[in-house]
Structures are given as structure tokens and as C-alpha cells.
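Bear in mind that the values in this text are calculations on the coordinates, not laboratory data. A quick note: this is a predicted structure, and the numbers were derived from the prediction, not measured. Using ideal geometry, Cβ is built from the backbone for each residue, glycine included, and neighbour counts are taken over all protein chains shown.
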Amino acid sequence: MEIQISHLDSLVVSQMFGKVGKAIEVFSCENDSFRCQVIELPPGKSFDPHVHVSAHIIYVIEGSGRLNIWSSSAEGHQIRIDIESKKSYAVSKGDFFVIPKDVVHAMSASEGEKLKELIVNIPGIALHDHRRIVWT
């Protein structure tokens, strides 16, 4: 059995992710029970609201920003967001939290600093697998 050791400071976040972010797949379990990625948002930018088909744990490595979540309902293949239900949470370096599967959410970076996160998807789905994320 091989153990992979990665150091967060040595990771180069280089692949485009969404419209504004960059990401890198760090490692995954061979049976895809989990996958780890590092995602970076430029200062003042945010991801569009989206959902994942798997739960994920987020650890803020660097910077600060906001986590927004909304209530939603599914109508066929459409996801309808209840705009009035928005809850917003401040996040900063050292914070970690769990986003359950199928919860509409979006992250944004504070003005003047990038937001860098380590994400663990459970079960693991590859970063650019079309089944991993649904943009709303």
C-alpha cells in the first residue's frame, strides 16, 4: 500500500473551474469513496449557485469570504431556488463545514484577497465529471 502525502503550500491550482475559479484534483481513494480538491476564487469573485450529488467537507486554507445557501425544490430536471430563503455565513482561514448533497450553495471571496479551500467529496466524483455539480 502506498501513502500519498501532499503539502497544501506546494499545490498549484491551475485548472479552470466554473466561470471564475481554478482547481486541482489532489488525490482520490481508488474505489472513489472520497476525492480531495483544492479550489481557489480570485478576490471579489463568486461561484454561481449550484448543487452537488455528493456531500462535501470544506476547509478554508487561505482568505475569507461568504457561504450562501438557499432552500430549493426539484421539478423534473429543474432546480428551483427560493430566493427569499438565502442564508449567508462569513468564512475565513481555518473554518471547516459540511455541505450536504443537494443543498444549493455558492461561495464568494472577499474583496482584496483570494479564497482557497480544500474540499473532500463523499462519495468521490472527479472534479470535471458532469455528474459532480449542477449549476442552477
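Worth pointing out:
- In a fully extended conformation the segment linking residue 87 and residue 122 would gain 10.2 nm over its present Cα-Cα distance, using 0.36 nm per residue.
- A straight line joining the Cα centroids of region 1-57 and region 105-123 runs 9 Å.
- Region 1-99: trypsin sites (Lys or Arg not before Pro) falling in loop per DSSP and having at most 15 other Cβ within 10 Å: 19, 93
- For Cα Rg over 2.2 N^0.38 Å, the candidate list reads [x] 1.23; [y] 1.04; [z] 1.16; the entry that matches the value derived from this model is [y].
- 12 Å beta-carbon shell around residue 44, net charge (K/R +1, D/E -1): +1
- Residues whose amide H falls under 5 Å from that of residue 55, counting only those 5 or more places apart or on a different chain, are 101, 122, with hydrogens built in the peptide plane.
- Residue of 74, 55, 90 that the Gaussian network model of the chain assigns the largest fluctuation, springs spanning Cα pairs under 10 Å: 74
- Dipole magnitude of the chain about its Cα centre (Cβ charges: Lys, Arg +1; Asp, Glu -1), debye to nearest 20: 300 debye
- Cβ-derived FRET efficiency at R0 22 Å, residue 33 paired with residue 5, nearest 0.05: 0.70
- For region 90-105, Karplus couplings with θ = phi - 60° (6.51, -1.76, 1.60), whole Hz, Gly/Pro x: 6, 10, 8, 3, x, 6, 9, 7, 10, 9, x, 4, 6, 9, 6, 8
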